[in-house]
1. Between the stretch 394-438 and the stretch 439-516, how far is it from one alpha carbon centroid to the other, in angstrom?
2. Shape verdict for the stretch 30-73, please, from the Cα gyration tensor: rounded (a/c under 1.5), prolate (a/b greater than b/c) or oblate.
3. Considering only protein heavy atoms, what per residue accessible area in square angstrom results for the chain with a 1.4 angstrom probe?
4. For a Förster distance of 35 Å, can you work out the FRET efficiency between the beta-carbons of ARG8 and THR396, rounded to the nearest 0.05?
5. With charges set only on the Cβ (+1 for Lys and Arg, -1 for Asp and Glu), what does the dipole of the stretch 221-299 come to about its Cα centre, in debye to the nearest 20?
6. If the cut-off is a Cα-Cα distance under 29 Å, which lysines reach LYS126, setting aside same-chain residues fewer than 8 apart in sequence?
7. Using a 7 Å offset from the Cα along the Cα-to-Cβ direction at both VAL360 and LYS124, what is the distance between the two label points in nm, to one decimal?
8. Report the gain in length on full extension from VAL284 to GLU475: 0.36 nm times residue separation, minus Cα-Cα distance, nm rounded to one decimal.
Amino acid sequence: MARIFPDRLSTEYRQNHNSPAELKLFDCLKANLSAEFTVFYNRTWINRNSEGKVEQGEADFVIVHPTSGILILEVKGGRIEIDGFTDSIYSIDHMGRRHQITDPWKQAEKSKFILLNKIRSLPKWKDRWVDIGSAVAFCDLFDNKNLNLGIQRPKELIIFKDDLESNKIQDKIESIYQFWSKKKTFGIDGINLLEKMLAPTLKIENPLKRDLETNEKELIELKDQQFELLEMISQNQRVLVQGGAGTGKTVLLLEKAKRFVNDNLNTLIICFSPTLRDFLRKSVDSHPNLQITSFDQLVQEFANEKGILNPFKDRNPFSLTYQEKKQLSDLLLDCIETSKRRFEAILVDEGQDFHSDWWVSMELLLSETEEKYFYIFYDKSQIVDNKNVIFPTYMTNYSLTQNIRNSDEIHQVASSFYSGTAMKSSGVKGAGVIYSELTNENDLQKRLISILNQHLTVEKISLDQIGILMPEPIEEIYLSGKTVGEYKIINAQDRKTERNQILVESISKFKGLERPIIILCNLEKILKPGNLNISELYVGLSRPKSKLIIIGNQKTLSFIQSKSRK
């Protein structure tokens, strides 16, 4: 059995895939090629050519063999028709409808040379010969001995439906290798090179299974839906990724950014919250091709470059009105016109926080190269400050529906206030959801101190695993620099220097962030009649990984509990 990446395709992917021919060939290659073969399904790669231009190659399948080399394989379903006068190619579907398609031979040949150039751009492979060929698979078309597609499309390089039989497919693949072979060995090191290039292992910290008492960290590989989406979005240059809290949006964004940087693309990661910006900066290694910033900081950088006054300098971005956000966008547009700073890839995190006018400036910041990438990751259920968010209509939409952050108990409560596409639970049991009733609002500090003491002294959990969140505005006594009993309060942007520090932050500023244990309090502010803010409540409920503690009066707790039971 061949090694194949990914090793399996989820049921959801198969049900929603629009090419049964690709799925048929995937199963055939996996089951019937020998273990010497390595197969990469649905891959893309980016390379900068000798003129400095960015080129993107893609293939339905890349088949690799240690002695035979590389084979780029394009797959087409349905019946095929070629117009010799116009050199146009058509696919005929099961209804007899005719659809013009891109020439699969030219597709495969173009991608072959882009991949070859990328391999040869590496120092070790610069002067090394690589056997690489291309072919086409028509999985619904039987071989016809009288078939003549012209000298530019030899039959020897076509896989037909007849070849998908178990005892024929390997012979067919080997014959195609022979057609292209110049008797150069690719080797095991070549296969390892392609594996790192086309199927790098992505690992993320899995807090849901973390043992909070021993602080052990386990790693899980990003797979199934997240892995499949990572590969699918690589085939598009304008992408909207929607997903609820905990579905791995930020992890995907960071991994995609790393891949862009590794491909020598000048890359920008941008978000709205300065707190999230700082977190993202800590999450990846610095690189000259990567800039991570918040929108207000980007505007200030351009204003400094042009030497003009920014009236919103040093303003808390969360305090900006809708009209002020538009003015901030106008300021950036003026600066971009005279600036040479451009990016070949822009990735937006928490895109629901962006003003609709900001998308124009993001597009203008993209380079003029043909291959440029604009990705937006968002969750409409987390729209707290921007009620009029509108996303560009020209982008390809994808959805994430698997929660990989929250334990089952937390997911059940948080998802009760989620309005997007239904999410699946992580399937991991956590420490649960605890409802702590206050009969007197003045007792909140005492309750917080009691909970912190319990976790620190009895459960032996360090304070850096706990966060206290509350709605804006945060009361004076809970601001950074103050204390809760013997514990010094910090916010998410403070640097920790002491062991007795506890994070207290507003829910809105903690969007995109998480901690193993979250304590929510003062929720009465956003649950009052006429001031009900379900989005802000949802953000707060979805921040903890393993344990959620909700402190509130009887009415607040009853409201949340009743919704979560439905």
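1. 23 Å
2. prolate
3. 46 Å²
4. 0.90
5. 160 debye
6. Within reach: LYS53, LYS106, LYS110, LYS112, LYS118, LYS182, LYS183, LYS184, LYS196, LYS256, LYS258, LYS372.
7. Label-label distance for VAL360 and LYS124, simple model: 5.0 nm.
8. Separation in residues times 0.36 nm, less the Cα-Cα distance, equals 65.4 nm.
The values are calculated or read from the model by the stated rules, or taken from the named source; none is laboratory data. It should be emphasised that the depicted structure is a prediction, and the values quoted were computed from it without experimental measurement. Cβ sites come from the backbone with ideal geometry, for glycine too, and all protein chains shown count toward neighbours. Heavy atoms of the whole protein, side chains included, go into the accessibility calculation; ligands, DNA and RNA do not. Shrake-Rupley method; radii C 1.70, N 1.55, O 1.52, S 1.80 Å.
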